[in-house]
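Notes follow the structure.
The values are calculated or read from the model by the stated rules, or taken from the named source; none is laboratory data. A quick note: this is a predicted structure, and the numbers were derived from the prediction, not measured. We place every Cβ from the backbone using ideal geometry, glycine too, and count neighbours over all the protein chains shown. Side chains included, ligands, DNA and RNA excluded: accessible areas come from the protein's heavy atoms. Shrake-Rupley method; radii C 1.70, N 1.55, O 1.52, S 1.80 Å.
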Amino acid sequence: MENEKDWGFYISQVDDWMTQLEKEIDYRTEQGNADKKEKVINEMENLKVLRGKLMDNNSYDHLHETFTDQVHRVSWTYEDWRKQQVDDRKEVGWGNRNAVPPGEHRLPPLPYDYAALEPVISEEIMRLHHQEHHQSYVDGLNQAELEMKQARETDSFDLIRHWEREAAFHGAGHYLHTMFWNNMSPDGGGEPTGALSRQIDKDFGSYHRFKRHFSEAAKKVQGVGWALLVWSPRSRRLEILQAEFHHLLSQQDIIPLLGLDVWEHAYYLQYKNNREEYVDQFWNIVNWGNVTERFENAKLVKWEPY
């Protein structure tokens, strides 16, 4: 650091980083690797001691290198702990858990108590929202999947439009709520840091502009639905979207692999009103190499199955 003012700014950044780490450590529900977790906490305590010495000492120079080295030690021990948790989950946890069979989705537990978000969200609301509302999505999705499984087995698709709609509605509700519970924390608030903060500044101009845009999108959803911050793999940037009624025959936790446009502009000049022939002929031009490539990339994304 060139001067005391720059060093003070660096310390304030380290303070913000440490606060985020402490929240992350408290939030994590994994109880394994206690020795590595304790090592992280010890290194953080050592860093706090050094920070106190810096604040009490009029001469910063001889402590600069020691403080910076300790910041790196905290970072290394934290990343080592988190890496071990990921490796353990791959070995025995959800990372490699079998797929959810049709009709066997389940309600995920909340990562905190029902009263933990008060006064922002009351215990009564959280309990009803989770136990009743979310459970109804799980039940509806399971029923729809079982009905469609039976349709495939009996080659009876008279009600397929109804059950596809039910699967979309309840599936989108289930997947979005599973994300939603983990989007909140009793220790939440503040502003994002690190790579997410930089991406928000890049894509929206500032955190303030992002927050304003997201808030207005949420307030002005037509009917009922969601405001969503999403990553667009195509444009390689963050976007804010509205999801009216949260489904519209889709599920918000999926990555498309193969699509067929059945709007009339896609086939009417050639097939007129014979959409069935257009659909049948489509299978003659499917690029399965591309679909396979998308599938292999999509498999790299793994959420905990519920």
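Condition first: out of contact with any strand residue (DSSP E or B) (no Cβ under 6 Å at 6 or more places or on another chain), of a type in the set (Gly, Ala, Ser), farther than 29 Å from ALA115 by Cβ and surrounded by 14 or more Cβ atoms within 10 Å (Cβ to Cβ). Can you find one or more residues in segment 172-187 that meet it?
no
Would you call PRO119 at pLDDT 85 or above, more than 18 Å from the chain's Cα centre (by Cα) and either within 25 Å of TYR137 (Cα to Cα) or assigned to a helix (DSSP H, G or I) (or both)?
No: the conditions fail for PRO119.
Out of the residues in segment 286-306 meeting the condition of being farther than 28 Å from ARG106 by Cα and either part of a helix (DSSP H, G or I) or modelled with pLDDT of 75 or more (or both), tell me which one is least open to solvent (accessible area, probe 1.4 Å).
VAL291
Are any residues in segment 29-59 modelled with pLDDT under 75 and open to solvent by 80 Å² or more (accessible area, probe 1.4 Å), and if so, which ones?
Once the filter is applied, which keeps residues that are modelled with pLDDT under 75 and open to solvent by 80 Å² or more (accessible area, probe 1.4 Å), segment 29-59 yields THR29, GLN31, MET55, ASP56, ASN58.
Against the condition over 19 Å from VAL100 (Cα atoms) and charged (D, E, K, R), how does ASP139 come out, does it pass?
Answer is no for this residue.
Does any residue of segment 152-165 turn out to be farther than 27 Å from SER122 by Cβ, modelled with pLDDT under 90 and acidic (Asp, Glu)?
No - not one qualifying residue is present in segment 152-165.
Would segment 242-257 turn up any residue that is outside any loop (DSSP other than H, G, I, E, B), at pLDDT 80 or above and not small (Gly, Ala, Ser)?
Yes - at least one qualifying residue is present in segment 242-257.
Being in contact with a Gly (Cβ under 8 Å, 6 or more places away or on another chain), surrounded by fewer than 18 Cβ atoms within 10 Å (Cβ to Cβ), part of a helix (DSSP H, G or I) and at pLDDT 90 or above is true for just one of LEU146, LEU141. Which residue is that?
So the residue among LEU146, LEU141 that is in contact with a Gly (Cβ under 8 Å, 6 or more places away or on another chain), surrounded by fewer than 18 Cβ atoms within 10 Å (Cβ to Cβ), part of a helix (DSSP H, G or I) and at pLDDT 90 or above is LEU146.
Quick one: would you say LEU141 is without any contact (Cβ under 8 Å) to a residue 40 or more places away in the chain and touching a helix residue (DSSP H, G or I) at 6+ places or on another chain (Cβ under 7 Å)?
Yes, satisfied.
Got a number for residues in segment 171-223 being assigned to a helix (DSSP H, G or I) and either of a type outside the set (Val, Ile, Thr) or under 30 Å from PRO101 (Cα atoms) (or both)?
So the count comes out to 36.
Is segment 80-91 home to any residue that is in a helix (DSSP H, G or I), of a type outside the set (Val, Ile, Thr) and modelled with pLDDT of 80 or more?
No, segment 80-91 has no match at all.
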